[in-house]
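Reviewing the structure listed below.
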Amino acid sequence: MENLLAGAELLMRWDVGIALLVGALGGVIIGAIPGVGPAVAIAILLPATFSLEPIVGLTVLLGIYGSSMYGGAIPAILINTPGTAANALTSYDGHPMTKRGEGHRALSLAYSASFFGGIFGILCLILLSPVLAVIAPMFGSREIFLAALLGIILVVFAHRGQVFAAGMLAMFGIFLNTIGLDAITYTKRYTFDLTFLSSGVNLIVVVLGLFALSQAFFLLTNPDSSPDTKPVSGSMTTGFKELWKHKRVASVASSFGVVMGMIPGVGEFTAQFMSYTYAQKTSKKPDEFGNGSPEGLISSEAANNAVPAAAMIPLLALGIPGEALTAMMLSVFYVHNVIPGPALFQNNIDLVYGLYLALIILNVLVLMFLMVSTNVLTKVIQIPTRFLGVMILILSFVGVYSLRNSLTDCMLAAGFGVLGLVLKRLNLPIVPIILGMVLGGIMEVKLRSALPRLKTPFDMIDRPIAFILFVVIVLVFAMHIRTLIKEFRTVQPDEDHDLHDSQTR
């Protein structure tokens, strides 16, 4: 209770109150604009948060992260264009309901399911915090190294059909982290006698380039468009009554979101598909799915909104981000010399509980805002895409330049922006590069810290948690190889059958 009161005291400051409002309302607006998304917004705001206290900066970023999914449901339902990638499944059942003249019902259901999922995820996080406080101190250098390694492996394997490309991009991210002056030996690594590389490649420069600038280039190189939306009428509170009828679907979907959110590299997409599949298989009306099923809409929105709180578990307990947005938040901790991991629950427990309470307040603020402003947000959807591109471009370069007042950083960011655009055009993932940089840095520091105490390679796994993590890594590889063998065996007979048919002809 003392920790909870200490966390509440942090939130009573005026600057934290403003951060709550900006994060909650700004995230909804950003989510409602197709083509922007939370990653772009967080990348642009990241340099500004470095001058703020950790609780203020993290509240803004967490607000945008969580509330953007609320806003992303609006264009997904009304114009069949998800505002964020996490709202893709929402359009499956939301837009058919709009075409039937039930747009207000679909939006009300989406809001209520999102709120349920968000609060469910936060409560699970709060209940797990005593467990984290006990387990976290058991993680030494070798355990955190193995956990970071497992994180990279899971991120790579999560990109089904693109595992090789994701692996190469993750290795590229690890390589980027090694550029510059070595912190221990003070020797230059991969600088190629270029002075500006001596200080290394700044993570924020890479983030702004790959996410924000690449999206600006993408919008500017595509034809200009301005979606047309119609206002909706009806009460937005009726969704809670209907949600109660499908409370089992909402609870299971939120549970999927919590479990998948805790696993690095998995996140919203897997949680959504698993919850959607479960809802369809257990529904009395499975034929309605994809044609305006309220259960399908609830399962999608409850699952994706439970993920943000759960994604904070590995970040806070071990200092290991599971995806790009939590990797950006990790940099805010580092700037203020607040290191997530075992020491956080011992030295900064008030900050941890402050973040928990901030997440609850953010969800309440977002719900209240959406109840009265949905029709205003439909106007935001109509912003021309090229205008958005220009605004993102300007704000991104301002953010990059404000880091170190360096034009070199701007040129580097532009280069990574072009790289991000190429990856988008080729439909290749960007996230492995960022997680490679972040987790690669953690792995290097922890491995070099552990090596002096290791006499043989087996000493790396001679402690219980380290051995468990090693076994999990082996099992993940074994399961992936098993999946590849299964896919090969199913493809091979089809190819043999096609060859036989062509020969008989």
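The values are calculated or read from the model by the stated rules, or taken from the named source; none is laboratory data. Predicted model only: the values in this text are computed from it and were never measured. Here the Cβ positions follow ideal geometry from the backbone for every residue, glycine too, while neighbour counts run over all protein chains shown. Please note that ligands, DNA and RNA were not included when accessible areas were found on the heavy atoms of the full protein model with its side chains. Shrake-Rupley method; radii C 1.70, N 1.55, O 1.52, S 1.80 Å.
Comparison of 110, 86 shows that the only residue that is modelled with pLDDT under 80 and either surrounded by 24 or more Cβ atoms within 10 Å (Cβ to Cβ) or under 18 Å from the mean Cα position of the chain (by Cα) (or both) is 86. Only residues that are outside any helix (DSSP H, G or I) and buried (at least 22 other Cβ atoms within 10 Å of the Cβ) were counted in the range 356-397, giving 0. Can you find a residue that is touching a residue at least 60 places away in the same chain (Cβ under 8 Å) and over 30 Å from residue 200 (Cα atoms) anywhere in the range 430-445? No, the range 430-445 contains no residue that is touching a residue at least 60 places away in the same chain (Cβ under 8 Å) and over 30 Å from residue 200 (Cα atoms). In the range 450-468, the residues that are free of Cβ contacts under 8 Å to residues at least 12 places away in the same chain reach residues that are open to solvent by 100 Å² or more (accessible area, probe 1.4 Å) and among the charged types (D, E, K, R) with C-beta atoms within less than 8 angstrom, at least six apart or across chains, in these pairs: 459/453. Just one of the listed residues (51, 67) is surrounded by fewer than 23 Cβ atoms within 10 Å (Cβ to Cβ), more than 20 Å from residue 296 (Cα to Cα) and of a type in the set (S, T, N, Q), namely 51. Between 149, 154, 219, the distinction of being open to solvent by 20 Å² or more (accessible area, probe 1.4 Å), within 23 Å of residue 39 (Cα to Cα) and in a helix (DSSP H, G or I) belongs to 154 only. Looking across the range 157-174, just one residue is in contact with a Gly (Cβ under 9 Å, 6 or more places away or on another chain) and either without any contact (Cβ under 8 Å) to a residue 40 or more places away in the chain or in a loop (DSSP other than H, G, I, E, B) (or both), and that is 159.
Of the residues in the range 418-426, at least one is outside any helix (DSSP H, G or I), open to solvent by 20 Å² or more (accessible area, probe 1.4 Å) and farther than 17 Å from residue 176 by Cβ.
Conditions tested, residue by residue: (1) under 25 Å from residue 45 (Cβ atoms); (2) at pLDDT 80 or above; (3) out of contact with any Pro (no Cβ under 9 Å at 6 or more places or on another chain).
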residue: 170; (1), (2), (3): no, yes, no
residue: 177; (1), (2), (3): yes, yes, yes
residue: 180; (1), (2), (3): no, yes, yes
residue: 204; (1), (2), (3): yes, yes, no
residue: 210; (1), (2), (3): yes, yes, yes
residue: 221; (1), (2), (3): yes, yes, yes
residue: 235; (1), (2), (3): no, no, yes
residue: 241; (1), (2), (3): no, yes, yes
residue: 255; (1), (2), (3): no, yes, yes
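Selection of the range 278-304 for residues being in a helix (DSSP H, G or I) and open to solvent by less than 10 Å² (accessible area, probe 1.4 Å) yields 279, 296, 297, 298, 299, 300, 301, 302, 303, 304.
Here residue 191 fulfils each of the conditions (1) part of a helix (DSSP H, G or I); (2) within 22 Å of residue 406 (Cβ to Cβ); (3) open to solvent by less than 80 Å² (accessible area, probe 1.4 Å) apart from (1).
Applying the selection to the range 435-461, what residues are outside any helix (DSSP H, G or I) and open to solvent by 90 Å² or more (accessible area, probe 1.4 Å)? The one that is outside any helix (DSSP H, G or I) and open to solvent by 90 Å² or more (accessible area, probe 1.4 Å): 455. Note on the range 335-350: residues that are open to solvent by 50 Å² or more (accessible area, probe 1.4 Å), under 21 Å from residue 9 (Cα atoms) and assigned to a helix (DSSP H, G or I) amount to 3. Taking the listed residues 353, 401, the one that is surrounded by fewer than 20 Cβ atoms within 10 Å (Cβ to Cβ), aromatic (Phe, Trp, Tyr) and in a helix (DSSP H, G or I) is 401, with no other qualifying. Taking the criterion of being farther than 24 Å from residue 40 by Cβ and polar (S, T, N, Q), the residues of the range 79-119 that qualify are 98, 108, 112. Going by the conditions given, is residue 182 of a type outside the set (A, V, I, L, M) and open to solvent by 40 Å² or more (accessible area, probe 1.4 Å)? So residue 182 fails the test. For the range 472-505, filtered to residues that are of a type in the set (D, E, K, R) and modelled with pLDDT under 75, the residue that is surrounded by the fewest Cβ atoms within 10 Å (Cβ to Cβ) is 505. Cβ-Cβ contacts under 8 Å between residues 6 or more apart (or on different chains), taken from a first residue in the range 401-417 that is in contact (Cβ under 8 Å) with a residue 60 or more places away in the chain and of a type in the set (D, E, K, R) to a second residue that is open to solvent by less than 50 Å² (accessible area, probe 1.4 Å) and part of a helix (DSSP H, G or I), are listed as 409/205; 409/400; 409/403. Annotation note: Cβ proximity below 8 Å between a residue of the range 63-81 that is more than 14 Å from residue 109 (Cβ to Cβ) and a residue that is in a helix (DSSP H, G or I) and hydroxyl-bearing (Ser, Thr, Tyr) (sequence gap 6+ or interchain) occurs for 69/114; 72/90; 80/91; 81/91.
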